[in-house]
Amino acid sequence: MTSEPLSDPLFSAGAGPLPRCGLVAIVGRPNVGKSTLLNALVGQKVSITSDKAQTTRHRITGIRSVGSLDEGGAQFVFVDTPGFQTRYAAALNRTLNRTVHSVLADVDVVMFVVEAGRFGLDDAKVLALMPPDKPVFLIANKLDVLQRRADLVPWLKAMQERHAFAEFVPLSAKKNADAQRLLDIVKPYLPEQVWFYDEEALTDRSDRFLASEIIREKLFRLTGDELPYTSTVVIDRYEEEGNLRRIAASIVVERDAHKGMIIGAGGDRLKRIGSEARQDLEKLMDAKVFLELWVKVRSGWAADEEHLRSYGYE
């Protein structure tokens, strides 16, 4: 979605303050808090979170509109990306990295997220991707867990020597005030143009997609490090009947042993995954949800390009 020449009546002489709208990428290595930051900026959960690497696997768009279109308000279209993968060369990882590259080519502003006071080899590999012709913000996240904030001064100096960042923003993605401050800093960098989405829009993803993501979040959170990252969720059926949503989904794993981990003793873990996912979905959709979950074994799916496409990976 690129900026086009402005021809809307809003931009005629004397029409008042001009609205702003633009695409903002959120990039970084895995587990630096990108999805938590996206949810804080949007003001509602649109991207799943967990401590497990590769939780985010798709390009997730979150939308935040501030003010009104006819009074010079701003619409921020945030794009959360998968953590850039540097350690493995499997087809799944290559697909995730292609998503990061494609996002960087389209956006107006880039938020490069790191942990405050830390910068490792994986961070450096992501920094090397930053486009030279676009403003890049250095977002120093997890400020709340930093032991000595005075250490940020020499760290920031070293970071500025690595890249000419347009802005440096230390914050905690878990604090609403920090998210609001970041919105204020980003706004002047957005192009002056009409909004891409309706004022009420929060994401461009369908309820069907969000359902698969919520289930996958519960899967990762309730299995911890036991379950390898090569598992995914496929929605087999999604039906709307008034205020009722009937959803049937398959959790896809690579081995029979993984299937046992998810089901648990007497099926208890699978029941808990389903129960917690259903509760979140009912809040998200403001509707009653009937959820059925199955666990299926598909050996080698994460290394197969055709399987990846069939499961919705770009």
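Tell me, which helices (runs of 4 or more DSSP H) wholly within the range 66-164 include 3 or more residues that are at pLDDT 80 or above and hydrophobic (A, V, I, L, M, F, W, C)? Here the list reads 121-127, 152-162.
If I ask for residues that are touching a residue at least 40 places away in the same chain (Cβ under 8 Å) and farther than 9 Å from K296 by Cα, which ones from the range 256-268 would you list? Walk me through how you get there before you give the answer.
The first filter runs over the range 256-268 and keeps only residues touching a residue at least 40 places away in the same chain (Cβ under 8 Å), leaving 256, 262.
Hit for the range 256-268 is I262, nothing else.
Quick one: how many residues across the range 266-309 are at pLDDT 90 or above, farther than 14 Å from R216 by Cβ and aliphatic (A, V, I, L, M)? Qualifying residue count for the region: 2. Among the residues of the range 165-184, just one is within 18 Å of V110 (Cα to Cα), outside any helix (DSSP H, G or I) and of a type in the set (D, E, K, R), namely E167.
Filtered by the rule that a residue be within 9 Å of I247 (Cβ to Cβ) and open to solvent by 70 Å² or more (accessible area, probe 1.4 Å), the range 279-293 gives a lone residue, F290.
Restricting to the range 142-169, give me the number of residues that are within 23 Å of P131 (Cβ to Cβ) and surrounded by 17 or more Cβ atoms within 10 Å (Cβ to Cβ). Can you show your working first?
Taking the range 142-169 and keeping what is within 23 Å of P131 (Cβ to Cβ), we get 156, 158-169.
If we keep only those that are surrounded by 17 or more Cβ atoms within 10 Å (Cβ to Cβ) too, we end up with 156, 159, 165, 169.
Total meeting the criteria: 4.
Among the residues examined, I185 does not qualify as touching a Leu at 6+ places or on another chain (Cβ under 9 Å) and either among the aliphatic types (A, V, I, L, M) or under 22 Å from S299 (Cα atoms) (or both).
Residues in the range 185-218 that are open to solvent by 60 Å² or more (accessible area, probe 1.4 Å) and outside any loop (DSSP other than H, G, I, E, B): K187, P188, Y189, E192, D207, R208. For V233, the stated conditions hold: it is in a strand (DSSP E or B) and crowded, with 16+ Cβ neighbours inside 10 Å. Only one of the numbered conditions (1) closer than 24 Å to D178 by Cα; (2) free of Cβ contacts under 8 Å to residues at least 40 places away in the same chain is not met by V109, and that is (2). The condition of being open to solvent by less than 10 Å² (accessible area, probe 1.4 Å), in a loop (DSSP other than H, G, I, E, B), farther than 20 Å from I215 by Cβ and modelled with pLDDT of 75 or more holds for V32.
The values are calculated or read from the model by the stated rules, or taken from the named source; none is laboratory data. Quick caveat: nothing in here was measured; it's all calculated off a predicted structure. All Cβ positions, glycine included, derive from the backbone under ideal geometry; neighbour counts span all protein chains shown. Only protein heavy atoms, including side chains, enter the accessible area calculation; ligands, DNA and RNA are left aside. Shrake-Rupley method; radii C 1.70, N 1.55, O 1.52, S 1.80 Å.
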